[in-house]
Amino acid sequence: MGFVFRVPAGEVKTMLRAALDTLYPPHCLTCDTAVTEPGTLCGHCWADTPFVTGLSCDKCSAPLPGDPADAPQLCDDCRTTARPWSHARAPLIYGATARKLVLALKHGDRHDIATPAGRWMARVAAPLIRPDTLIAPVPLHRWRLFRRRFNQSALLAQAMARALDRPQCPDLLLRTRATTSQGGRTRLGRFENMQGAITAHPRRAARITGRHVLLVDDVMTSGATLAAAAEACFAAGADDVDVIILARVLREE
């Protein structure tokens, strides 16, 4: 009579990971440097990544002078621009390695970036999480989604939800109008371009009523797209809306 040896699932996973790392050694997310763990940055790229580490604006996450322990503050821009959401957080400033990560995820089919990026976003989002929080991405119009084949914000939202152990709804919102590019527009033009372009999905609106919605996007420049998404959530009965972005653009181009 033979003996059957059962290997714990955790050990099997570790063995498979070790085998994969031997066959395909992990590399830095943005360069060819070898790293010890998949989904990480090498020392050089980490140093070149502009993480938000100090005090930042409570509404847009732009860095501010002061101690992170200080009371929440607003930047000059958010003192003069109405933000329909309550809080915004971002782990990165758009530039250097962060810019490479965003562009690789968005245009380079580097879906592997979403998992570590989602973990970074989850860390800054954690203090905002409530028992009724529902995570949702900023939507793409169906034609843009057809051409790109994926919504990078949905990938980030999925990774965040997994890290935070919170529910997420990838199609909670719909972009009902195929807006033209925001690039090259003035601040006012960006907001006008997004006016009425996003609404709650008719079959998902009931999930919004009375809940806290955490909106997810890859970058924030003027905040026009996020404002349209937040307003759509409130129109559907959201109790509150917060925003989590991967990278905050500090200078509009």
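The values are calculated or read from the model by the stated rules, or taken from the named source; none is laboratory data. Since the structure is predicted, the reported quantities are computational estimates derived from the model, not experimental observations. Cβ placement follows ideal geometry from the backbone for every residue including glycine, while neighbour counts extend to all protein chains displayed. Heavy atoms of the whole protein, side chains included, go into the accessibility calculation; ligands, DNA and RNA do not. Shrake-Rupley method; radii C 1.70, N 1.55, O 1.52, S 1.80 Å.
How many residues are touching a residue at least 60 places away in the same chain (Cβ under 8 Å) and either in contact with a Lys or Arg (Cβ under 6 Å, 6 or more places away or on another chain) or open to solvent by less than 70 Å² (accessible area, probe 1.4 Å) (or both) if we restrict to the range 97-109? Full working, then the answer.
Start the filter on the range 97-109 by keeping residues that are touching a residue at least 60 places away in the same chain (Cβ under 8 Å), which leaves 97-102, 104-106.
Next, from what is left, pick out any that are either in contact with a Lys or Arg (Cβ under 6 Å, 6 or more places away or on another chain) or open to solvent by less than 70 Å² (accessible area, probe 1.4 Å) (or both): 97-98, 101-102, 104-106.
Total meeting the criteria: 7.
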Count, please, the residues in the range 29-51 that happen to be open to solvent by 70 Å² or more (accessible area, probe 1.4 Å) and of a type in the set (Gly, Ala, Ser).
2
Residue hits (the range 104-144; acidic (Asp, Glu) and either under 22 Å from Phe234 (Cβ atoms) or in a loop (DSSP other than H, G, I, E, B) (or both)) are Asp109, Asp132
All positions within the range 52-75 that are of a type in the set (S, T, N, Q) and either open to solvent by 80 Å² or more (accessible area, probe 1.4 Å) or under 14 Å from Pro127 (Cβ atoms) (or both)
Thr53, Ser56, Ser61
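Out of Gln152, Gln158, Gln168, report the one residue that is touching a His at 6+ places or on another chain (Cβ under 9 Å) and either among the acidic types (Asp, Glu) or touching a residue at least 12 places away in the same chain (Cβ under 8 Å) (or both). Let's see the steps before the verdict.
Details: Gln158 fails: touching a His at 6+ places or on another chain (Cβ under 9 Å); Gln168 fails: touching a His at 6+ places or on another chain (Cβ under 9 Å).
Exactly one of Gln152, Gln158, Gln168 is touching a His at 6+ places or on another chain (Cβ under 9 Å) and either among the acidic types (Asp, Glu) or touching a residue at least 12 places away in the same chain (Cβ under 8 Å) (or both), namely Gln152.
Just for the range 222-239: of the residues that are out of contact with any Phe, Trp or Tyr (no Cβ under 8 Å at 6 or more places or on another chain) and touching a residue at least 40 places away in the same chain (Cβ under 8 Å), which one is surrounded by the fewest Cβ atoms within 10 Å (Cβ to Cβ)? It would help to see each step written out before you state the result.
To start, the set of residues in the range 222-239 that are out of contact with any Phe, Trp or Tyr (no Cβ under 8 Å at 6 or more places or on another chain) comprises 223, 225, 228-229, 231-239.
Of the ones still in play, those that are also touching a residue at least 40 places away in the same chain (Cβ under 8 Å) are 223, 225, 229, 231-234, 239.
Numbers: Gly223: 28, Thr225: 25, Ala229: 30, Glu231: 19, Ala232: 28, Cys233: 28, Phe234: 16, Asp239: 14.
Applying the filter and picking the extreme gives Asp239.
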Would you say Arg147 is farther than 20 Å from Thr221 by Cβ, open to solvent by 40 Å² or more (accessible area, probe 1.4 Å) and assigned to a helix (DSSP H, G or I)?
yes
Does the range 83-102 include one or more residues that are modelled with pLDDT under 95, part of a strand (DSSP E or B) and more than 23 Å from Cys233 (Cβ to Cβ)?
no
Restricting the range 115-126 to residues that are under 23 Å from Pro72 (Cα atoms) and out of contact with any Leu (no Cβ under 9 Å at 6 or more places or on another chain), which is most open to solvent (accessible area, probe 1.4 Å)?
Arg123
Return yes when Ile129 is surrounded by 23 or more Cβ atoms within 10 Å (Cβ to Cβ) and in contact with a helix residue (DSSP H, G or I) (Cβ under 9 Å, 6 or more places away or on another chain) and no when it is not.
no
(1) within 18 Å of Pro116 (Cβ to Cβ); (2) at pLDDT 95 or above: which one isn't true of Gln152, the others all being true?
(2)
Is there any pair with a first residue in the range 122-138 that is touching a residue at least 60 places away in the same chain (Cβ under 8 Å) and a second that is open to solvent by 10 Å² or more (accessible area, probe 1.4 Å) and of a type in the set (Ser, Thr, Tyr) whose Cβ atoms are under 8 Å apart and which are 6 or more apart or on different chains, and what are they?
Val138/Thr225
Report yes if some residue within the range 76-86 is in contact with a strand residue (DSSP E or B) (Cβ under 8 Å, 6 or more places away or on another chain) and open to solvent by 70 Å² or more (accessible area, probe 1.4 Å); otherwise report no.
no
Looking at the range 151-177, which of its residues are touching an Asp or Glu at 6+ places or on another chain (Cβ under 8 Å) and of a type outside the set (S, T, N, Q)?
Leu156
